[in-house]
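Okay, structure first, notes after.
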Amino acid sequence: MPPLQRHHLLRPAFFLTFFLSAVCLSPSVLAEGRLFQLGTLSALSAGVYQGTLPMSGLRLPHAYGLGTFDRLDGEMIVVDGAFYRVSVEGQVTRPQDDALVPFACVGSLDRPDFAKKTGQLKSKADFDRYVLSKTRKPNYPLLIVFQGRFSSVRTRSVPPQKKPIPLAEVVARQQKTFDLGAQEGTLVGFYCPPYLGGLNAPGVHLHFINEPRDAGGHVLDFAIQEGTLRVQVLTDFQTILPGLKSDFDKTDLNPPQAVKKVAGE
Ligand SMILES: [Zn+2]
């Protein structure tokens, strides 16, 4: 389905679309890779955890992605269209379609630009370098999916929040980490160029779920034994913002400092 036909499936209160590829291109020219996002990372970082958009809006064919849930209640990972939630206790459940989301993003892995078997990689930092060196598309978001065997995986999740405490404070004080040991499973995530910071997380952001689908979370580190890496360049970036009168609407997400920085003053 061309991306423009997908819009009628969604009923956002406020809709903002970024086409990194030109919208005047005919559907046959539009690239396949699309990043579809609810909310923004800068709002989440500021403590806007109110879920306002249903998870069902992310149901794309062959969707892979990540995010979180209303009140920051757990980590989301999406593997081939299947949605999972990893709670702060480390339990994995399948959320309902009407689960509300403050921030999440998915990409369709329909035509990977890069697919390759890989051997040992000792850390997430090594993995990030490897992915970027192979794809060499630093100006585009990348969807990254790695399925294989790990000698260790370290993840985290966070508890639901009652107050708009900044995300960095929640992570510093309340995150629970899980040393999962040797696992078979899947990493799903995105590389986002720094110029997209604010909308999404600059750099490589990964979530993990194991093969039995009973452990996972936001990825802190890992060591890979072997597996298959698939990467899709995303040239079509669509974002839906939370509606009017939501916490997103009521929060100052444009501090003078940030404006100054962008303006280069
Ligand atoms: Zn995460």
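When only residues in segment 58-71 that are in contact with a strand residue (DSSP E or B) (Cβ under 8 Å, 6 or more places away or on another chain) and open to solvent by 40 Å² or more (accessible area, probe 1.4 Å) count, which is modelled with the lowest pLDDT? Walk me through how you get there before you give the answer.
Residues of segment 58-71 that are in contact with a strand residue (DSSP E or B) (Cβ under 8 Å, 6 or more places away or on another chain), as a first pass: 58, 60-70.
Remaining after also requiring open to solvent by 40 Å² or more (accessible area, probe 1.4 Å): 61-62, 70.
On the way: Pro61: 82, His62: 85, Asp70: 97.
The selected residue is Pro61.
Kindly list, by first and then second residue, each pair from a residue in segment 134-155 that is assigned to a strand (DSSP E or B) to a residue that is of a type in the set (Asp, Glu), limited to pairs with Cβ atoms under 6 Å and residues at least 6 apart or on different chains.
Gly148/Glu226; Arg149/Glu184; Arg149/Glu226; Arg154/Asp179; Arg154/Asp221
Could you run through segment 34-43 and say how many residues are under 21 Å from Gly217 (Cβ atoms) and open to solvent by 10 Å² or more (accessible area, probe 1.4 Å)? Explain how you work it out, then say what you get.
Of segment 34-43, the ones under 21 Å from Gly217 (Cβ atoms) are 37-39, 41.
Okay, now just the ones that are also open to solvent by 10 Å² or more (accessible area, probe 1.4 Å), so 41.
Residues meeting the conditions: 1.
Would you pick out the residues in segment 228-242 that are more than 15 Å from Ala63 (Cα to Cα) and in contact with a Ser or Thr (Cβ under 6 Å, 6 or more places away or on another chain)?
Restricting attention to segment 228-242, the residues satisfying the condition of being more than 15 Å from Ala63 (Cα to Cα) are 228-229, 235, 239-242.
Once the filter is applied, which keeps residues that are more than 15 Å from Ala63 (Cα to Cα) and in contact with a Ser or Thr (Cβ under 6 Å, 6 or more places away or on another chain), segment 228-242 yields Leu229, Thr235, Pro242.
Table: residues versus (1) surrounded by fewer than 20 Cβ atoms within 10 Å (Cβ to Cβ); (2) at pLDDT 95 or above; (3) more than 16 Å from the ligand (Cβ to nearest atom).
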| residue | (1), (2), (3) |
| --- | --- |
| Ala182 | yes, yes, yes |
| Tyr191 | no, yes, no |
| Val204 | no, yes, no |
| Asn210 | yes, yes, yes |
| His218 | no, yes, no |
| Leu229 | no, yes, yes |
| Gln232 | no, no, yes |
| Phe237 | no, no, yes |
| Gly243 | yes, no, yes |
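Kindly state which strands (runs of 3 or more DSSP E) lie completely within segment 175-229 and contain at least 1 residues that are under 19 Å from the mean Cα position of the chain (by Cα) and aromatic (Phe, Trp, Tyr).
Values: elements: 176-179, 183-192, 203-210.
The qualifying strands (runs of 3 or more DSSP E) are 183-192, 203-210.
Given the conditions (1) open to solvent by 60 Å² or more (accessible area, probe 1.4 Å); (2) within 22 Å of Phe237 (Cα to Cα); (3) within 16 Å of the ligand (Cβ to nearest atom), which single one is not true for Met55?
Condition (1) is where Met55 drops out.
Output the residue which, of all residues in segment 146-160 that are more than 30 Å from Lys117 (Cα to Cα) and within 15 Å of the ligand (Cβ to nearest atom), is least open to solvent (accessible area, probe 1.4 Å).
Of segment 146-160, the ones more than 30 Å from Lys117 (Cα to Cα) are 158-160.
Filter again for within 15 Å of the ligand (Cβ to nearest atom), leaving 158-159.
Values: Val158: 6, Pro159: 25 Å².
Restricting to residues being more than 30 Å from Lys117 (Cα to Cα) and within 15 Å of the ligand (Cβ to nearest atom), the top hit is Val158.
Working carefully through the options Gly119, Gly74, Gly90, find the one that is within 16 Å of Leu220 (Cα to Cα), out of contact with any Leu (no Cβ under 7 Å at 6 or more places or on another chain) and surrounded by fewer than 24 Cβ atoms within 10 Å (Cβ to Cβ).
Values: Gly119 fails: within 16 Å of Leu220 (Cα to Cα); Gly74 fails: surrounded by fewer than 24 Cβ atoms within 10 Å (Cβ to Cβ).
Checking each option against the conditions leaves just Gly90.
The values are calculated or read from the model by the stated rules, or taken from the named source; none is laboratory data. Computed from a predicted structure; not experimentally measured. Cβ atoms come from the backbone with ideal geometry, glycine included; neighbour counts cover every protein chain shown. Each accessible area value is taken on the protein alone, full model and side chains, heavy atoms only, with ligands, DNA and RNA left out. Shrake-Rupley method; radii C 1.70, N 1.55, O 1.52, S 1.80 Å.
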